[in-house]
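Below is one structure, written out as structure tokens; comments come after it.
FYI, it's all coordinate maths here, none of it is from the lab. Note that the structure is predicted; figures quoted are calculated from it, not measured. FYI the Cβ positions are ideal-geometry reconstructions off the backbone, even for glycines, and counts take in every protein chain you see.
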Amino acid sequence: TDGLDGLAIMPIAMVAGALGIFAYACSNGVYAHYLAIPFVANSEELTIFCASIVGGGLGFLWYNT
């Protein structure tokens, strides 16, 4: 391969991972209060969505070698 597969998916996986951590912190009232970030009710689905993007990206890299 030309190596562009990792360049295409790794930034997406890293950003999705960071957004997933932030979404989890926003969906948990204790963490949101401790970190002084706004609490967003019913936003746990964003954490699952970001985790699925990260998992899909890592699976793509695993089976693309």
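Okay, residues lined up against (1) in contact (Cβ under 8 Å) with a residue 12 or more places away in the chain; (2) exposed (fewer than 12 other Cβ atoms within 10 Å of the Cβ):
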residue: Leu4; (1), (2): no, yes
residue: Met10; (1), (2): yes, no
residue: Ala13; (1), (2): yes, no
residue: Ala23; (1), (2): yes, no
residue: Val40; (1), (2): yes, no
residue: Gly56; (1), (2): no, no
residue: Phe60; (1), (2): yes, no
residue: Tyr63; (1), (2): no, yes
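Quickly run through region 42-54 and pick out the residues that are within 26 Å of Ile9 (Cα to Cα) and either surrounded by 15 or more Cβ atoms within 10 Å (Cβ to Cβ) or not β-branched (Val, Ile, Thr) (or both). Answer for region 42-54, where residues must be within 26 Å of Ile9 (Cα to Cα) and either surrounded by 15 or more Cβ atoms within 10 Å (Cβ to Cβ) or not β-branched (Val, Ile, Thr) (or both): Ser43, Glu44, Glu45, Leu46, Thr47, Phe49, Cys50, Ala51, Ser52, Ile53, Val54.
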